[in-house]
Structure formats: C-alpha cells, structure tokens
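Chemist: Take a look at the following structure, please.
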Amino acid sequence: MQLSADECSIKQTVYIYNCEGATIQVDGKVNTVTVDKCIKTNVIFANVMGGCELVNCKRVKVQANGACPTVAVDKTDGVTIYAGEECYKSLTIVASKSSEMNVSWPGATADDAWQEAPIPE
C-alpha cells in the first residue's frame, strides 16, 4: 500500500493496525504515524512532524527518509529504526517495556556503510 504525497497533509495522522508481513510507504508530510499490534511489518515514511509511535508490535522496521523528531517504542519486541540523513542527528527515541531494539543511521560520507547501535531496554 502506498499513499502518494498529494493524498497526505500535515493535518492527517496515519494509524496502522494489526498488519502482518506488510510494507507500508507514506509519502508527503503527515502529523504522526502510529503502528499498533503489527507483526513483521515495514513502514517507510518521508516527513512526520509530530513523531512515530510503535505500540504492541513484534519484528517491525521503521525507516524515516525525511524529518522525524521522535520515535516512541512501547511494548514492542524486535524493532529496527532506520534514521535517514535529515533526522538522525536530532532524533529522540523513547522506549518502555520493549526489547531487541536497534537504530541505524548513515555513515560519515555517502560511500560509508550505515552505522548500527542497540537501544538499551
């Protein structure tokens, strides 16, 4: 499923619920992205002004290609957050009751490999 940039506005919130094995891409600017009770789901978004929330999920991947000030992880096991060029320096990650969390960000130059670090439980 893909929402195009002309279908999204800053006033909208994207709520993804009970998906399994899905890849969801959101183009354009939205207020927030919430992923709830999803398993093996990938979420790719361009710009989120409020932040991204992951709740009650297992083995999810989130990729922020544009601006994203915060990612909140709650009751989620096995999450990988890919912070793109625009947001990795200022990204705030808040986690509670979660495990197996990692964050990845681009290397110093475009030719360098992505860096990865665990998020403490």
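The values are calculated or read from the model by the stated rules, or taken from the named source; none is laboratory data. Not measured: the values here are computed from a predicted model. Backbone-built Cβ (ideal geometry, glycine too); neighbour counts: all protein chains shown. Calculation scope for accessible area: heavy atoms of the full protein, side chains included, ligands and nucleic acids excluded. Shrake-Rupley method; radii C 1.70, N 1.55, O 1.52, S 1.80 Å.
Chemist: What's the local net charge at A67, with K and R +1, D and E -1, over the other residues with C-beta under 9 Å away? Each step should come with its number before you reach the end.
Modeler: Working: positive: K29; negative: E86.
Its environment carries a net charge of 0.
Chemist: Using Cα pairs closer than 8 Å and at least 6 residues apart in sequence, work out the relative contact order for the chain, in percent.
Modeler: Relative contact order of the chain: 16 percent.
Chemist: Would you kindly find the accessible area of S99, with a 1.4 Å probe and non-protein molecules such as ligands, DNA and RNA excluded, rounding to the nearest 10 Å²?
Modeler: Here the residue's solvent-accessible area equals roughly 20 Å².
Chemist: Expressed in nm to one decimal, what extension gain is obtained for the pair K37 and A22 from 0.36 nm per residue of sequence separation less their Cα-Cα distance?
Modeler: On the way: separation 15, 0.36 × 15 = 5.40 nm, distance 1.24 nm.
Contour length minus Cα-Cα distance gives 4.2 nm.
Chemist: Here's something else I'd like to know. According to the Kirkwood expression over distinct Cα-Cα pairs, how big is the hydrodynamic radius of the chain, in Å?
Modeler: Computed over the chain, the radius equals 14.2 Å.
Chemist: Please identify the chymotrypsin sites (Phe, Trp or Tyr not before Pro) of the range 20-121 that satisfy two criteria: DSSP loop assignment and at most 12 other Cβ atoms within 10 Å. Which are they?
Modeler: Within the range 20-121, the qualifying chymotrypsin sites (Phe, Trp or Tyr not before Pro) (loop, at most 12 other Cβ atoms within 10 Å) are W114.
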